[in-house]
Amino acid sequence: MLLAAETASSLMSLGLTLPLWPLLSAALVGIMLASGRFRGMAHVAVIAGALVAAVLGAVWFVQLAPAGDGHGATGGVSMDIAPWFSLGDGQMVGFNYYLDGLTGVMLLVVTSVALMVVIYSVGYMKDHHGHRERGYERFFAFLGLFIFSMLMLVLAGNFVLLYLGWELVGLCSYLLIGFYYRKPEAAAAAKKAFLVNRIGDFGFALGIFALYQYILPHVQPGENALDYAVVFRHAAQLTADQVNLVCLLLFCGAMGKSAQIPLYVWLPDAMEGPSPVSALIHAATMVTAGVYMVARCGPLFANAPDALEVVTWVGAIGAIYAATMAMAQYDMKRILAYSTMSQLAYMFVALGCGAPDSAVFHLYTHAFFKALLFLGAGSVMHAMGNVIDLREFSGLRSVLPTTQRLMLIGCLALAGFPLLSGFWSKDEILHAALEHNFPVFVILLLTSFMTAYYTFRMYFLCFHGPLRLPAAAGAHPHDAPPVMVLPMTLLAAGAVLAGYLGVAIHWGSPLDSFLFVFQGHGWFHHYVHNGSMVVTPVEHGSGSAVLYYVSAAVGIVGIWMAWRRYGTAPQDEPDRKSFGPLWLLWHARYYVDEIFDAVFVQPLRALGRLFFAVDRAGVDGAVNAIGGTPRALGAVLRVAQNGMLQSYALTTALGIAVLALLWRFVGTP
Amino acid sequence: MPASFYPLINVAGLLPEILLVAAGCAVLLMIGPSRRFVPWTALGAVIGALALLLWGAPHPESGSGMRFTSAADFVRHATLVVGALLVLVAFAQPRDDERGEFFSMVLFSLAGLMLLGGASDLVLLFVALELVGIPTYVLVVLSRHNERSLEAGTKYFYLGAMAAAVTAYGFSFLYGVAGSADLGRVATAVTAALAAPGSVPHALALTGLMLSLAGLFFKIAAVPLHLYIADVYEGAASSVAGLLGFVPKLAGIVAIVKMIEAAGWSADRGALFWTLWLSAALSMTIGNVLALRQHSIKRMLAYSGIAHSGYMLVGLIAAGLYAREGSQVGGLMADGPGAVFYYAVAYGIANLCAFAVLGALRIRGAACETVRDVAGLLRRQPALALILVIAMFTLMGLPPTPGFWGKLSLFGSAWSAAASAPADVQWWIGALVILAVVNSAIGAAYYLRVIAACILYESDEPADAIPAQTPQFGATMAGVLLLIYSFFPNPLLMMSRTATRDLRDPLGFVVEAPAAGQPAPVALSPHEEGRAGVAR
């Protein structure tokens, strides 16, 4: 007994080192890079780090399972590791973890997908001849750093640590999107991603300030106001206005990180990064951080009905909006990026409808099949010589059979084909929407149809029809090597099977059990209930399975429609004829990039020019306008060759005059 | 004024400053072969002064226009710690035959900054400001041998002289209001005058405050007195540009805090509020927008220095709340001046660190200046590249660097101030915080460019480090210090919070104090004693 306890505790303390292993591996690669030795081993170090993290993540996932059947959940545990930062007045920001079911799921998703992607990258980051790409080691170092940051974000036990992880993943994302920095598009996309995310982060930061200020009066001595556990304990004591404000500000951060309207603009461009990065960061893990954060702050959001309403509608509109754009793109990765945005929007709808467990369930299934899809698209891209435009190739099933089969599984899961993982989780969200908000439900159902349709449009255009190859692919494109196939296969297994953790087996009539067997809310839900999450309880055996049939039909009809229209990979774009100008609008992505450029970027540039002009020429102009700047003064001051000194002095004097007279115009104290 | 009013203070307490000045004179006299030891003498003096301050010299008693509050203690310590880094960074900088002049100027400037922390008299404050300022003008010229540094130094000198004149003019108004140069009396009189709008003293006090602040804005390069900064930074050698980011800036900040204190902590209302508000908003925005346009890292850092001054002014606006009784929020998120002190030091070190790395690099024999020059630095000079990246992270405010802790406390305290400020300015403070956070988001873009160039890009043009190891050592020390402050932020934060302990009681100066003749009860609260001496 004692031995068991000791084993458990040493396991625990080993588990606490979870995020450090990827960091260690990244540091090792850095040392290799600096010393110039063992550089060929870079991937080994990072795979080892990711492997240890994955094992520990799985151990944690098991450890955090609720006892018994999961009813009567215990709530999260805040585990203090070290004090870190004193805010004064007895307030500390500790280095602490918050462990509950949600943490367990996130750890499992992050570590397992990360491991798969790192393994895949070994094959992907080589060219046709097996030569490593430039910056091979650096790529793996950044991946290691990213895994560390993401794990910190997930494990954080207080808002400051969360913010730390939040910023660090943004930084890693920047570095990895800009990995092909020689391409101007990649450099621009990296900058865009970082800046748009920072705009969201500023709301997030203000949300933390506001939260601190509101929660502090309720905090008991010895409690740290920014710890999750403390915030959740006192969440109910905040007034409705306070909690709505805090939640909306926090949601700003989620909108940036999880690419929701209007801060989504960076995600499609982020596809300029290498495909494994798109799979790991921009599909499976980092972009879900916003969903995670809103789910984590459940006790706050549960008291903020207005904020939840906003979350629901932002999600609903974003879902269909992204789907329309995905319908009219040719870049495979961009199609997948819009579908990521759309699926994340589904999760937000679930959060808004008070079903965070369904949101997290979808997050979890989505991670597998979307990572699979991106890796598959990467495999296509790899074989096609970095061409990813669907107009450039078709009929690839004959040359890339393995990739085609794996992609088919991913597409079916995304389309919500019955019995695959995406089907179960998406249906639950539809169910939650139906119960809370009928218009939103209709939007989501329509989006489901569109999802199935555009996913298979992409699939058919790529793999069906006559074989056509771009010039860059060479005469004999090769299918993915085993090192890329293995992780894709494992992810495909996840895409098929992962959903079964979340369904309950309940033999019954076909009207209340899907196909006589399945009902919603299985073990997975009990698992995530074990924590801070606020969920409306669901009673077993009471649900109706009708919705399952509806959504299955919607998915299948969508796929069928896509087959009818695109089954032979026609090159004349049938949709363009059917939808006309609407299709062109979708194809142009609603001109949002152009609008953003005109509304934000150009004015900022103009402002810069204006300031610069004031700084330089404008001042000179003022001097000239005054004209009779005494020559004598000029002679005294002529030490400065370019004559700028007078203008500086004049401007300075003007500034002082403004300051001195300011009090005249702003009223008296 | 009777002689007894300004008793001679205990000179032993000022030994650190005296050591610096003495060493400054000594290095001027070192000629011939002994010049080689000039940097060592300067370093020894700074470290010796620090040792004296920590263990040797008694805490100086207040009097003679000096008041050694906890803020003064903070400034003295910070000056010497960062001063040691400054000397290390500049170790091999100037030509051999001008080292004496160069390092004596550094030492004088540091001594001035230390004295400034304790100054509690308009005259001494002004003298200390000039003792900080004049050596820096010389340093800019001495640091490099070309036209640009000469031009930069001249511009800096003329504009600095102009700003000093304005400050002196403002001080004269304050003297006129109070009838005394002592800051305690000035505070009493100014607070009373500000409370009576429409009266002549009111106008005089406001004019005095505004003019003093205008001159001091020059020191911290806040809008509208920011114009010189890019040319000066660009013209000066890297080590001097690093010094300019700390010494004059901290001097200006300390003096501005003293002015706000003299105005009865009324930074969240009235003309003082609007002055700080406008200057903060414009400094942040203009600094960042201009920095975004730069390709030269030195100019970028110069313009971003304007933005950082803006952030500090945001913290000073929170000073009003901090002094107010009954505010619900306490601690770091409500201590504007403490946050500003912290930030000034963190920024100073990070800025110095960045310039030190630039100073240690050469591109084909020329100074390393543009973003392109540092491309691929990670491959050529991994250590320097990492230090530069840490410095950029700090300036950017990425957690967990000191820049983040500083911004957290600056903006946090301003946000808290918004909640308890007078209703008419509440929204304005909130808007300022939002502007500050947006600005620090925008600001990340240009720092990120340097970071990306360093660790992402590859370059065919190698950036070689200069052979001298000492600037690298200075850069390394600064980088290590930043790392320490990242992971162990508490000591410095606590120090800067303690620094504001004596500033804490709001209108302390107006409180009736014991008559001048009575001795102060305990030696442990020197400011009380100083106050007792003046506020009869």
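Observations, loosely collected:
- Output for the stretch A:134-159, where each listed residue is within 12 Å of chain B (Cβ to nearest Cβ) and either open to solvent by 10 Å² or more (accessible area, probe 1.4 Å) or part of a loop (DSSP other than H, G, I, E, B) (or both): A:R134, A:G135, A:E137, A:R138, A:A141, A:F142, A:L145
- Of the residues in the stretch A:173-182, not one is polar (S, T, N, Q) and within 10 Å of chain B (Cβ to nearest Cβ).
- Filter result for A:P477 (assigned to a loop (DSSP other than H, G, I, E, B), at pLDDT 90 or above and more than 22 Å from A:T324 (Cβ to Cβ)): no
- The one condition in (1) closer than 21 Å to B:I317 by Cβ; (2) of a type in the set (A, V, I, L, M, F, W, C); (3) open to solvent by 20 Å² or more (accessible area, probe 1.4 Å); (4) more than 9 Å from chain A (Cβ to nearest Cβ) that B:A165 fails to fulfil: (1)
- Qualifying residue in the stretch A:57-69 (condition: surrounded by 19 or more Cβ atoms within 10 Å (Cβ to Cβ) and either without any contact (Cβ under 8 Å) to a residue 24 or more places away in the chain or assigned to a loop (DSSP other than H, G, I, E, B) (or both)): yes
- Out of B:T188, B:T207, one residue alone is within 13 Å of chain A (Cβ to nearest Cβ) and of a type in the set (S, T, Y). It is B:T207.
- Candidate set: the stretch B:191-204, residues that are facing another protein chain (nearest Cβ under 8 Å) and touching a helix residue (DSSP H, G or I) at 6+ places or on another chain (Cβ under 8 Å); chosen: the one surrounded by the most Cβ atoms within 10 Å (Cβ to Cβ): B:L194
- When the helices (runs of 4 or more DSSP H) confined to the stretch B:270-387 are screened for residues that are at pLDDT 90 or above, those reaching at least 3 such residues are found at B:270-292, B:297-317, B:336-359.
- Hey, B:F157 within 14 Å of chain A (Cβ to nearest Cβ), modelled with pLDDT under 90 and within 21 Å of the chain's Cα centre (by Cα) or not: yes
- Listed by position, the helices (runs of 4 or more DSSP H) contained in the stretch B:122-199 that have at least 3 residues being touching a residue at least 24 places away in the same chain (Cβ under 8 Å) and among the hydroxyl-bearing types (S, T, Y) are B:147-178.
- Verdict on B:G170 being open to solvent by less than 10 Å² (accessible area, probe 1.4 Å), in contact with a Leu (Cβ under 8 Å, 6 or more places away or on another chain), within 14 Å of another protein chain (Cβ to nearest Cβ) and within 29 Å of B:L204 (Cβ to Cβ): yes
- Some residue of the stretch B:54-77 being under 20 Å from B:V138 (Cα atoms), at pLDDT 90 or above, touching a Phe, Trp or Tyr at 6+ places or on another chain (Cβ under 9 Å) and open to solvent by less than 10 Å² (accessible area, probe 1.4 Å): no
- Only one of the numbered conditions (1) part of a helix (DSSP H, G or I); (2) open to solvent by 10 Å² or more (accessible area, probe 1.4 Å); (3) facing chain A (nearest Cβ under 10 Å) is not met by B:A431, and that is (3).
- Residues located in the stretch A:465-523, provided they are open to solvent by less than 60 Å² (accessible area, probe 1.4 Å) and hydroxyl-bearing (S, T, Y): A:S509, A:S513
- Test: A:A53 is part of a helix (DSSP H, G or I), under 30 Å from A:V534 (Cβ atoms), modelled with pLDDT of 85 or more and open to solvent by less than 10 Å² (accessible area, probe 1.4 Å): yes
- With respect to the stated conditions, B:A84 fails to be modelled with pLDDT under 85, aliphatic (A, V, I, L, M) and surrounded by fewer than 24 Cβ atoms within 10 Å (Cβ to Cβ).
- Candidate set from the stretch A:497-526 (those that are under 15 Å from A:D427 (Cα atoms) and polar (S, T, N, Q)); member that is nearest to the chain's Cα centre (by Cα): A:Q519
Here's the yes/no breakdown for (1) farther than 18 Å from A:F441 by Cβ; (2) buried (at least 22 other Cβ atoms within 10 Å of the Cβ):
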| residue | (1), (2) |
| --- | --- |
| A:T288 | yes, yes |
| A:R296 | yes, yes |
| A:L300 | yes, yes |
| A:P305 | yes, no |
| A:A322 | no, yes |
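- Exactly one residue out of B:A418, B:A356, B:A441, B:A452 is touching a residue at least 24 places away in the same chain (Cβ under 8 Å) and either over 30 Å from A:E137 (Cα atoms) or in contact with a helix residue (DSSP H, G or I) (Cβ under 7 Å, 6 or more places away or on another chain) (or both), and it is B:A356.
The values are calculated or read from the model by the stated rules, or taken from the named source; none is laboratory data. Just so it is clear, the model here is predicted, and its values are computed rather than measured. Neighbour counts are summed over all protein chains in view; Cβ atoms, including those assigned to glycine, are modelled from backbone coordinates with ideal geometry. SASA here: full protein model, heavy atoms, side chains in, ligands and nucleic acids out. Shrake-Rupley method; radii C 1.70, N 1.55, O 1.52, S 1.80 Å.
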